[in-house]
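Working notes, beginning with the structure itself.
The values are calculated or read from the model by the stated rules, or taken from the named source; none is laboratory data. Being a predicted model, the structure only gives us computed values, none of them experimental. Cβ: placed from backbone, ideal geometry, glycine included. Neighbour counts: every protein chain shown.
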Amino acid sequence: MRRLLPEPADDVSVEGAYAAPLGSHPDRPWVGLCMVASIDGSAVFEGTSGGLSNPTDAAVLGQLRRIADVVIVGAGTVRDEGYGAPQKTGQRIGVVTRSADVDLSGELFASGAGFLITSEGTAVPSRSLDVLRAGRDEVDLAAAIRRLDEVSEVCRFVQAEGGPALNGALLEDDLLDELNVTTSATTVGGSGPRLATGADHRRDRYELRQLAIDEQSFLYARWLRRRR
């Protein structure tokens, strides 16, 4: 990986480029989003993000997971991408769902790492499952993120991993503090979703904190939300 910004450097490691979140909050966890998209804007190829990725992008995702205390992900992404148990000891993975239509027999929940983030009105099929309920009829993500310490002993940095509907909900509630976006050196056509879907029209400003490129011309950008 070659860093282009802020200080150009050759042969930068993924671990060094993504050693820590870009900031913190005194009153809630810092939320970062990690996604890959094609040059023509699709977040998926043939239904999953894996078709857009390469080994360096996978390493970026793995490194951001290593520094995250909690990962949050939509139920559809868990099904499509085949989420298993996390490699980091003690890490929790919160599956955001309005229906609780999830496979509780899979490795993610069997390991004890998985938990549900849902609303007060959602019926959950297992009493032994950890459930963080926030919001009466719809999931209140802002409240859920503030209460993640109820399901994780440490919760300073939250990694969001999609899909686009969850990303749109985080965008709608202005919860995204940093965006770690890989631009895959591909175009895919089709009608795949953008990185975030479902949010109302809004204009949030970001500052480019880091830009790197690999030998396959994939671009790796770290964007910081500007709140002033």
Checklist outcome for this item: So, first residue free of Cβ contacts under 8 Å to residues at least 60 places away in the same chain in the range 11-33, second residue of a type in the set (A, V, I, L, M) and not in a helix (DSSP H, G or I), Cβ within less than 8 Å, six or more apart or across chains; the pairs are Asp11/Met1; Ser13/Met1; Val14/Met1
Checklist entry - In the range 13-42, what residues are closer than 26 Å to Val70 by Cα and of a type in the set (Val, Ile, Thr)? => result Val14, Val31, Val36
Item to check | Answer residue from the range 1-19, given it is assigned to a loop (DSSP other than H, G, I, E, B) and not small (Gly, Ala, Ser) and is surrounded by the most Cβ atoms within 10 Å (Cβ to Cβ) among those | outcome: Tyr18
Item to check | Qualifying positions in the range 20-48 - of a type in the set (A, V, I, L, M) and either surrounded by 13 or more Cβ atoms within 10 Å (Cβ to Cβ) or over 22 Å from Gln63 (Cα atoms) (or both) | outcome: Leu22, Val31, Leu33, Met35, Val36, Ala37, Ile39, Ala43, Val44
Item to check | Pick from the range 148-200, criterion more than 12 Å from the chain's Cα centre (by Cα) and β-branched (Val, Ile, Thr), ranking: surrounded by the fewest Cβ atoms within 10 Å (Cβ to Cβ) | outcome: Thr187
Item to check | Neighbours by Cβ (under 6 Å, 6+ apart or cross-chain): first from the range 199-228, without any contact (Cβ under 8 Å) to a residue 40 or more places away in the chain; second among the aliphatic types (A, V, I, L, M) and assigned to a loop (DSSP other than H, G, I, E, B) | outcome: Ser217/Ala185
Checklist entry - Does Arg92 count as buried (at least 22 other Cβ atoms within 10 Å of the Cβ) and farther than 21 Å from Leu208 by Cα? => result yes
Checklist entry - Just wondering, is there one or more residues in the range 40-58 that are more than 20 Å from Ala160 (Cβ to Cβ) and either in contact with a Cys (Cβ under 6 Å, 6 or more places away or on another chain) or polar (S, T, N, Q) (or both)? => result yes
Checklist entry - Any chance the range 154-171 includes a residue that's at pLDDT below 95, in a loop (DSSP other than H, G, I, E, B) and of a type in the set (Val, Ile, Thr)? => result yes
Checklist outcome for this item: Of the residues in the range 62-80, those that are buried (at least 20 other Cβ atoms within 10 Å of the Cβ) and of a type in the set (A, V, I, L, M, F, W, C) come to Leu64, Ala68, Val70, Val71, Ile72, Val73, Ala75, Val78
Checklist outcome for this item: Contact list, first residue from the range 105-126 and in contact (Cβ under 8 Å) with a residue 40 or more places away in the chain and under 16 Å from Ala160 (Cβ atoms), second anywhere and not polar (S, T, N, Q) and not in a loop (DSSP other than H, G, I, E, B), beta-carbon distance below 7 Å, six or more apart or interchain, is Ile117/Ile72; Ile117/Gly94; Ile117/Val95; Ile117/Val96; Ile117/Leu132; Ile117/Ala144
Checklist entry - So is Asp140 surrounded by 12 or more Cβ atoms within 10 Å (Cβ to Cβ), touching a Leu at 6+ places or on another chain (Cβ under 9 Å), within 21 Å of Ala160 (Cβ to Cβ) and of a type in the set (Asp, Glu) or not? => result no
